[in-house]
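Structure first, then comments.
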Amino acid sequence: MKSKVGSRKSEVGAHGVCPTQKSPIIYLDNNATTQVAEEVIEAMLPYLTQYYGNPSSMHTFGGQVGRQVKQARDNVAALINADPTEIVFTSCGSEGDNAAIRAALAAQPDKRHIVTTQIEHPAVLNLCKKLEQEGYSVTYLSVDNKGQLNLNELRATLNDNTAIVSIMCANNETGNIFPIERIGQIVKERGILFHVDAVQAAGKLPLNMKDSTVDFLVMSGHKIHAPKGIGALYIRKGVRFRPFLVGGHQERGRRAGTENVPGIVGMGKAAELAIAHLNEESTSVRTLRDRLEQGLLSTIPDCQLNGHHSKRLPNTTNIGFKYIEGEALLLMLDREGICASSGSACTSGSLEPSHVLRAMGLPYTLLHGSLRFSLSRYNTGAEIERVLEVMPKIVERLRAISPFKGEEDEKQGWLQTVTSDQLPVTNERLAKR
Ligand SMILES: Cc1ncc(COP(=O)(O)O)c(C=O)c1O
């Protein structure tokens with residue numbers, strides 16, 4: 001079942017094109033989303049064209065589609081060393097997180113306590129806030145200034161009323177990795193269900209669900225070079241599961257709705273590729289990340305790494321540049337065709353600093369001047385050298401016009417009360433982007 005992708009490559013190149021530079025963009029925002037692999041598109045196309053049958057149909061035409069869905073399930077299961085029957089396809093990571101936590105609560109209606117961390121993705125945090133409104137109590141575990149959890153705090157908070165513990169495998173902003181199996185042992189000693197958001201970890205770290213303490217594990221296709229709109233939820237065999245989406249009997253009754261076959265096939269292919277490239281993540285991707293990080297830290301004064309030095313995803317670096325603002329840096333990088341991300345969530349008209357960096361207790365100047373670079377196997381050494389060439393100049397220019405001049409300002413404390421219109425980039429300017 002092969003189909004030609006046609007002239008996609010010649011039309012858009014390996015990456016998108018920067019509108020101002022008319023050159024290929026340098027994409028260093030892979031924790032936000034990834035480029036869809038060419039092989040994934042090749043694998044998906046026949047299921048958008050010739051093979052449009054319903055995988056649940058009795059006829060041969062539908063049956064051959066069903067076989068591809070099965071193959072994709074096998075591949076996704078292999079990525080985390082699970083049994084294929086333990087994999088449920090979803091629409092995204094957020095759905096997986098919601099479905100797992102809601103299912104755990106529905107299965108234990110007498111338990112009303114949830115444990116999570118202050119640095120989860122909004123897919124978990126906002127669900128927990130909603131659950132608080134519904135009468136649940138939630139403990140948000142704190143982290144230290146390197147973003148690490150205190151496992152004694154976890155131990156102390158678990159009680160007979162705790163229904164589920166939800167802790168991410170790797171943080172999307174800093175890349176910090178948590179000791180999931182050690183955490184799981186503590187959780188299991190109390191017989192509590194354990195949910196792990198592995199959206200950032202899958203495909204970047206080896207994950208093994210055989211003999212694991214994890215009950216639910218969530219993945220998302222668009223973080224592993226599959227398209228947006230597809231995800232997977234691992235549900236350990238034997239764990240009671242109440243479906244979030246009710247209707248037909250698809251996914252063994254665990255998620256209703258006719259399957260997103262092209263997405264599923266794409267995620268299966270992406271999982272196969274991720275397994276093949278897993279070593280590359282910890283070798284060549286890590287080498288490029290380290291070159292970028294060390295280059296920035298050694299050439300630019302007053303900047304520091306946010307997060308743990310070694311217990312971290314191999315593709316992620318989050319660096320705080322004092323006395324300037326992350327959004328201003330992003331705008332300047334954008335003009336050079338370089339895509340990165342700041343921790344700030346510029347929503348609801350305020351320049352809210354990242355909840356992750358805030359939970360780590362970072363000082364004001366680092367909170368607002370932090371950038372995340374997240375790489376993938378598609379990045380090259382030449383791209384990293386280009387970033388290292390432009391970043392020092394950008395930082396110097398922004399610092400020259402910054403109202404924050406240095407340690408004296410910081411000591412005097414007036415930085416704490418500065419309003420957003422005093423910052424180099426205002427909300428209005430951001431809104432016009
Ligand atoms: C750690 C983490 N969890 C959940 C999500 C949500 O995944 P999705 O975008 O597939 O809903 C993301 C997306 O950035 C993430 O980084």
### Query
Within the stretch 178-186, can one find any residue that is in a loop (DSSP other than H, G, I, E, B) and in contact with a Leu (Cβ under 9 Å, 6 or more places away or on another chain)?
yes
#### Entry: Test result for Ser348, modelled with pLDDT of 95 or more and part of a loop (DSSP other than H, G, I, E, B)
no
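Residue by residue, here is whether (1) outside any loop (DSSP other than H, G, I, E, B); (2) in contact (Cβ under 8 Å) with a residue 24 or more places away in the chain; (3) within 16 Å of the ligand (Cβ to nearest atom) holds:
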site: Glu153; (1), (2), (3): yes, no, no
site: Ala163; (1), (2), (3): yes, yes, no
site: Thr174; (1), (2), (3): no, yes, yes
site: Lys188; (1), (2), (3): yes, yes, no
site: Thr213; (1), (2), (3): no, yes, no
site: His222; (1), (2), (3): yes, yes, yes
### Task
Kindly provide the set of residues from the stretch 359-394 that are under 15 Å from Leu331 (Cα atoms) and either in contact with a Leu (Cβ under 7 Å, 6 or more places away or on another chain) or among the small types (Gly, Ala, Ser) (or both), ordered by number.
Gly369, Ser370, Leu371, Phe373, Val387, Met391, Ile394
### Out of Gly238, Gly248, sole residue that is touching a Gly at 6+ places or on another chain (Cβ under 8 Å) and among the small types (Gly, Ala, Ser)
Gly248
#### Entry: Matching residues, the stretch 376-390, being out of contact with any Ser or Thr (no Cβ under 8 Å at 6 or more places or on another chain) and either among the aliphatic types (A, V, I, L, M) or in a strand (DSSP E or B) (or both)
Ala382, Ile384, Val387, Val390
### Query
In the stretch 10-42, what count of residues is obtained for those that are among the small types (Gly, Ala, Ser), assigned to a loop (DSSP other than H, G, I, E, B) and at pLDDT below 95?
4
### Among the residues listed as Pro243, Pro227, the single one being within 16 Å of the ligand (Cβ to nearest atom), touching a residue at least 40 places away in the same chain (Cβ under 8 Å) and assigned to a loop (DSSP other than H, G, I, E, B)
Pro227
#### Entry: One residue from Gly257, Gly307 being at positive phi, among the small types (Gly, Ala, Ser), in a loop (DSSP other than H, G, I, E, B) and in contact (Cβ under 8 Å) with a residue 60 or more places away in the chain
Gly307
### Residue count, the stretch 276-301 (criterion: of a type in the set (D, E, K, R) and modelled with pLDDT under 95)
2
### Of the criteria (1) away from the ligand (no atom under 14 Å from the Cβ); (2) crowded, with 24+ Cβ neighbours inside 10 Å; (3) under 25 Å from Glu272 (Cα atoms); (4) not small (Gly, Ala, Ser), which one His195 fails
(1)
### Task
Would you point out the residue of the stretch 230-240, among those that are within 13 Å of Thr90 (Cα to Cα) and among the aliphatic types (A, V, I, L, M), that is nearest to the ligand (Cβ to nearest atom)?
Ile230
## Note on the structure
When the stretch 55-69 is checked residue by residue, the ones that are surrounded by 14 or more Cβ atoms within 10 Å (Cβ to Cβ) and of a type in the set (D, E, K, R) are none
### Check on Glu181, farther than 18 Å from Val165 by Cβ, touching a residue at least 12 places away in the same chain (Cβ under 8 Å) and charged (D, E, K, R)
no
### Task
Could you identify the single residue in Ala123, Ala104 that is assigned to a helix (DSSP H, G or I) and out of contact with any helix residue (DSSP H, G or I) (no Cβ under 7 Å at 6 or more places or on another chain)?
Ala104
### Query
Would the stretch 76-98 turn up any residue that is charged (D, E, K, R), in contact (Cβ under 8 Å) with a residue 24 or more places away in the chain and within 16 Å of the ligand (Cβ to nearest atom)?
yes
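The values are calculated or read from the model by the stated rules, or taken from the named source; none is laboratory data. Just so you know, these numbers come straight off a predicted model, no measurement behind them. Note that each Cβ is placed from the backbone with ideal geometry, even for glycine, and that neighbours are counted across all protein chains shown.
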